Amino acid sequence: MEYWLQQFIEFLPDGSSYLLILFMVAFAESLPMIGLIVPGSTLIVFAGFFVLHGKCSFTLLVIVMTGGALSGDLFSFWLGFYYGTRLLKFRSFQKHHKLVTRAEHFFVEHGGKSIFFARFLGPIRGITPFIAGLSGMPGRPFCGYALISAILWGICYPGLGYLGGSSWQNAQSLSAKFGLVILLILVAFILHYWIRRNFKRK
């Protein structure tokens, strides 16, 4: 391992402090507006890479990541449900009006499934649970979609870092490929939905 990388890993905190930082990264990435400036997915890929060098176990990392992602989604949903209308008037939301509008259209078009797919689509990851709460989506189906997406995200992104742990470049490459796969699945789903809807109209 490169010397500078070894020094960096040794600089990181150990034990519960390290896990708390990772939890907060996953949590913050799921929050509206805050998630735009937190490179959570990239950091979590690196956390998977660090497992190879003794920074906690992979199983514990997955549990912490899943818990952070799910907690962030639930909190974002709660914010939207109870304070959504007021928060939309804040400057940060007004500044990203197009993003909010895009997330609203995405949610209206795909309903609960948007909660799952948004987890893997950076710009709207944090805002979609907020929009779901603002729209009055029932809590039970929201929790179901949020839980499934959080588990998948919590396994796959650390797993990419772990499997691609031979170098930083491999880890980043795998992350990009996984994001592309998710995007292709989303495009296929949207295309299928569009074709089915237009077929019914005829």
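Part of a helix (DSSP H, G or I) and farther than 12 Å from G126 by Cα: which single residue out of F46, F77 fits that description?
After ruling out the rest, the residue left standing is F46.
Does V38 satisfy the criteria of being closer than 20 Å to S149 by Cβ, among the β-branched types (V, I, T), at pLDDT below 95 and part of a helix (DSSP H, G or I)?
Taking the combined requirement at face value, the residue does not satisfy it.
Being assigned to a loop (DSSP other than H, G, I, E, B) and touching a Ser or Thr at 6+ places or on another chain (Cβ under 8 Å) is the filter; apply it to region 103-124 and report the residue that is farthest from F77 (Cα to Cα).
Result: F120.
Tally time: how many residues in region 147-167 are among the small types (G, A, S), assigned to a helix (DSSP H, G or I) and either under 12 Å from the mean Cα position of the chain (by Cα) or at pLDDT below 85 (or both)?
4
Does region 125-143 include one or more residues that are part of a helix (DSSP H, G or I), at pLDDT below 90 and loosely packed, with under 14 Cβ neighbours inside 10 Å?
Scanning region 125-143, I find no residue that is part of a helix (DSSP H, G or I), at pLDDT below 90 and loosely packed, with under 14 Cβ neighbours inside 10 Å, so the answer is no.
Between a first residue in region 88-102 that is part of a helix (DSSP H, G or I) and a second residue that is among the polar types (S, T, N, Q), which pairs have beta carbons less than 9 Å apart while being 6 or more apart in sequence or on different chains?
Close Cβ pairs (under 9 Å, with a partner that is among the polar types (S, T, N, Q)) amount to V100/Q94.
The values are calculated or read from the model by the stated rules, or taken from the named source; none is laboratory data. What you are looking at is a predicted structure, and each value in this text was computed from that prediction instead of being measured. A quick note on method: Cβ atoms are made from the backbone with ideal geometry, for glycine too, and the neighbour counts reach across all protein chains shown.
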